[in-house]
Amino acid sequence: MAEILRIDKLSVEFPSKEIGQATKLAVRDLVLSVNAGEVFGFLGPNGAGKTTTMNVLLGFVNATRGQAYLFGVNVRDPIARQRIGYLPELTYYYKFLTAEELLRFYCKVFGIKRDVADRRIDSVLKLVEIDHARKRPIKSYSKGMQQRVGLAQALINDPDLLILDEPTSGLDPIGRMQVRAIIQRLKGEGKTVFFSSHELGEVETVCDRVGILSSGELKMQGSVTELTDRYRCNLEQIFLKIVGNGI
């Protein structure tokens, strides 16, 4: 299978706020790859280094050591990010805009022609199931609907790779179920999805493979089936064993 994302001995250091410590190592010698068409769950407790790793892939943060590649192109080259869609954990939009107006703005950012933009907007609004509310201002949306607007924005350029940071954060069970269904539909369309989450039951349902990060280090990776068979328990219990024991 074609390799879409590759991380090679990646380390990221930040200035430390602790007295007597010059730097803090947020990510240490991370090695990871994701293939075309996979849904990969990037797991870890708060502060494990998940968002930092995503920020390197997105060009928001430079690695201290090591390299990362998207579609075979170093992430330091902006062209590497032309084929990705991104949903941050916290979305900030002008809430006086309607969903349709927001998506039209992003179409202009991507240089999508008007006739193509019309089709894309219709398609993604139907995919995330908010087509009925496309003319309503975003401020009138529930948290779950706002999160689905974020997914629509991430999909508007028809990306081959989606990077989603906690896509179900703060959602109720119905909202999480809807987002999970969208990810499954994207998988069915052959999209590659790389996402972090604390909802381990949902990760177990939708992911082909997972990687577990703790204190900036990758502790384990593999298919969900391989891991659950090896440990003879579910993914949540595996996570607690690995992170709780610090192995």
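The values are calculated or read from the model by the stated rules, or taken from the named source; none is laboratory data. This is a predicted model, so every value here is computed, not measured. As a convention, Cβ positions derive from the backbone with ideal geometry for all residues, glycine included, and neighbour counts pool all protein chains shown. Accessible surface is based on the protein model in full, side chains and every heavy atom, while ligands, DNA and RNA are left aside. Shrake-Rupley method; radii C 1.70, N 1.55, O 1.52, S 1.80 Å.
Keeping to region 231-246, report how many residues are open to solvent by 70 Å² or more (accessible area, probe 1.4 Å) and in contact with a Gly (Cβ under 8 Å, 6 or more places away or on another chain).
Counting residues in region 231-246 that are open to solvent by 70 Å² or more (accessible area, probe 1.4 Å) and in contact with a Gly (Cβ under 8 Å, 6 or more places away or on another chain) gives 1.
Tally time: how many residues in region 127-143 are open to solvent by 10 Å² or more (accessible area, probe 1.4 Å) and either assigned to a helix (DSSP H, G or I) or within 20 Å of residue 187 (Cβ to Cβ) (or both)?
Within region 127-143, residues that are open to solvent by 10 Å² or more (accessible area, probe 1.4 Å) and either assigned to a helix (DSSP H, G or I) or within 20 Å of residue 187 (Cβ to Cβ) (or both) number 7.
Every residue, every condition in (1) assigned to a helix (DSSP H, G or I); (2) modelled with pLDDT of 85 or more; (3) more than 19 Å from the chain's Cα centre (by Cα), yes or no:
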| position | (1), (2), (3) |
| --- | --- |
| 186 | yes, yes, no |
| 190 | no, yes, no |
| 201 | yes, no, no |
| 212 | no, yes, no |
| 222 | no, yes, no |
| 230 | yes, yes, yes |
| 237 | yes, yes, yes |
| 247 | no, no, yes |
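Looking for whichever is in a strand (DSSP E or B), touching a Leu at 6+ places or on another chain (Cβ under 7 Å) and more than 27 Å from residue 187 (Cβ to Cβ) here; the options are 11, 33. Which one fits?
The match here is 11.
Looking at the structure I just gave you, is residue 124 of a type outside the set (Phe, Trp, Tyr) and either in contact with a helix residue (DSSP H, G or I) (Cβ under 9 Å, 6 or more places away or on another chain) or exposed (fewer than 14 other Cβ atoms within 10 Å of the Cβ) (or both)?
Yes; evaluated as a whole, the condition is true for this residue.
Residues to consider are 163, 79; find the one that is outside any loop (DSSP other than H, G, I, E, B), open to solvent by 20 Å² or more (accessible area, probe 1.4 Å), in contact with a strand residue (DSSP E or B) (Cβ under 7 Å, 6 or more places away or on another chain) and of a type in the set (A, V, I, L, M).
79
Rundown of residues vs (1) within 15 Å of residue 8 (Cα to Cα); (2) buried (at least 20 other Cβ atoms within 10 Å of the Cβ), yes/no style:
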{"residue": "24", "(1), (2)": "no, no"}
{"residue": "31", "(1), (2)": "yes, no"}
{"residue": "39", "(1), (2)": "no, yes"}
{"residue": "42", "(1), (2)": "no, yes"}
{"residue": "54", "(1), (2)": "yes, yes"}
{"residue": "60", "(1), (2)": "no, no"}
{"residue": "66", "(1), (2)": "yes, no"}
{"residue": "86", "(1), (2)": "no, no"}
